[in-house]
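Notes for the one structure printed next.
All of the numbers you see were taken from the coordinates with simple rules; none came from a lab. From a predicted model like this one, the values you see are computed outputs, not experimental measurements. Note: ideal-geometry Cβ built from the backbone for every residue, glycine included; neighbour counts use all protein chains shown.
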Amino acid sequence: METTKSKSEENDVVTRYLIVRPEKGGVGDLLRYAVRNDVGGGMAFLESSDDAVLGGLAADYRWIIVVSIIVRKILGVLGKPMEWSGYVVDFVLNLLSQNGNLSGLLWNLLRGKVVIPQRGTEDFISTIGQLDGRIDLYKGESLAEEIRASVFAEREGEVGMGDRALMDLCIMASKLAYENAKVVKNIMHFVDFYDCWNDFQKERSTQVFILSDKPKDANFILISFRGTEPFDADDWSTDFDYSWYEIPKLGKVHMGFLEALGLGNRIDTTTFKNCLLGNHGKTESNLGQGGADQYSESEGQSTGERELQPAMVEMTAYNAVRRKLKSLLKEHKNAKFVVTGHSLGGALAILFPTVLVLHEETELMHRLLGVYTYGQPRIGNRKLGRFMEAHLNSLVPKYFRVVYCNDLVPRLPYDDKTFLYKHFGVCLYYNSLYVEQKVKEEPNKNFFGLRSAAALHLNAIWELIRSFIIGYVYGPEFKEGWFSTVARLMGLILPGVSAHSPTDYVNSVRLGRERGVQMSSF
């Protein structure tokens, strides 16, 4: 009887949430809220489980909410133009690279032998990949041995995690996650690639791949989530979203990231409770046994009709990856797993084990080797951080958050003394000289404002100059191409965005050195 009562109480638990809906209010509401400090105008954009406190939220977090609404409204308008621009940029960059750059393209035009890029092929590289052509995910047997040594040492509790071999592997895997499945399959021992459903966005917008160090008796398994794509307005809107859902005993979690993992839909907030606090084992069984298996085709249905079946809607990143991970760890008895991601992918990388802990996946968490994220936005409040640090740092640190210099995204969503979003874990911060510091929080955690504008732009000028000389100083591996230079020029206008490029994260890992004496962040 006591057990039954306990389960009943769990089902009746009260959940709280806040949703910022830029589409709900109009321009008039926004002007009244921003200019006249009319709380009623702000409340037009807010939805909460606690209607009585909406006015207080609108008053206390006015400018934060205003900025979020404006940015997301602009992104909503620019969504399609950004998508079309992305197609054009991707095509032009691949047209140039596949024809030997501009001179080669002109020569091929004269000969009538122009190579036309085909999206989705193993030769079609993303914009992120064009920025930095390094794809040496697995740099020979020496790196493999270093990583295996890290796995064995961690099993014995002899060392902490932050070693260069794993960091190198993870940043390259995080960058590789931006590529299509055929590109990924050519690297290391490929296991699976998932293009997963986001029920709020009503599209497959969450990509993740899994690989291992060898096909049999693997020592480690790597899971890499794709990050914010440069021309995807939905991705950027998620980064600037301030909506949250509170999980009892765990804390407040960014709602957009939960949706990206397939753990709910803000249109019906009860879906978060069902996915996070309900019978997740039952949910898994309903989803089928794997990616392709669950997309059954009824007799007489065409492929297009099959794609609209409800089973496909239920193909979510969390369930797909968890299911495959359980299977792999059962197959590879001595293996441990690493989770990684850049940008939005970093947020999903740390949120994935967070939900594993919530679902009491003790055996899986025992096999976790580490989580490495790069340029990751904040995912929740301080309570969430304390909860996860207790599970990730019991013996040695297992969660490392790498931040390069003035990268904007790790400073999102905005944080101050009263607002809820807080980072946790060990922060490995690199300045623009690639000098590493281990800190709790990156310097200038909210650098928006006139006070830091001059330093940001001066640093962007130095990064542009550095792009011309870095190949001569450190070798051809670090030489930056013309497209990277264009990105550096854009950094003169938006330095926080240009600093988010994976190029500097790869360089930080490979060139980084620990700070020996006090020196300012350049």
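Quick notes
- The range 35-83 and the range 211-253 have Cα centres separated by 25 Å.
- One Cα centroid belongs to the range 448-492, the other to the range 328-348; the line between them spans 32 Å.
- Most to least packed among 85-96, 420-431 [average Cβ atoms within 10 Å]: 420-431, 85-96
- Working from Cα pairs under 8 Å separated by at least six residues, relative contact order for the range 13-117 is 20 percent.
- Protection proxy ranking, peptides 258-268, 372-382, average beta carbon neighbours within 10 Å, highest first: 372-382, 258-268
- Proximal charge balance of Lys175 [Cβ under 12 Å; K/R count +1, D/E count -1]: -3
- Entries of Lys175/Lys214; Lys214/Lys398; Lys202/Lys324; Lys202/Lys383; Lys182/Lys216 with Cα pairs more than 28 Å apart: Lys202/Lys383
- Cα gyration tensor shape for the range 13-117, rounded if a/c is under 1.5, else prolate or oblate: prolate
- By average C-beta atoms within 10 angstrom, highest first, the peptides 175-187, 331-343: 331-343, 175-187
- Distance between the range 179-199 and the range 377-447 - C-alpha centres, whole angstrom: 28 Å
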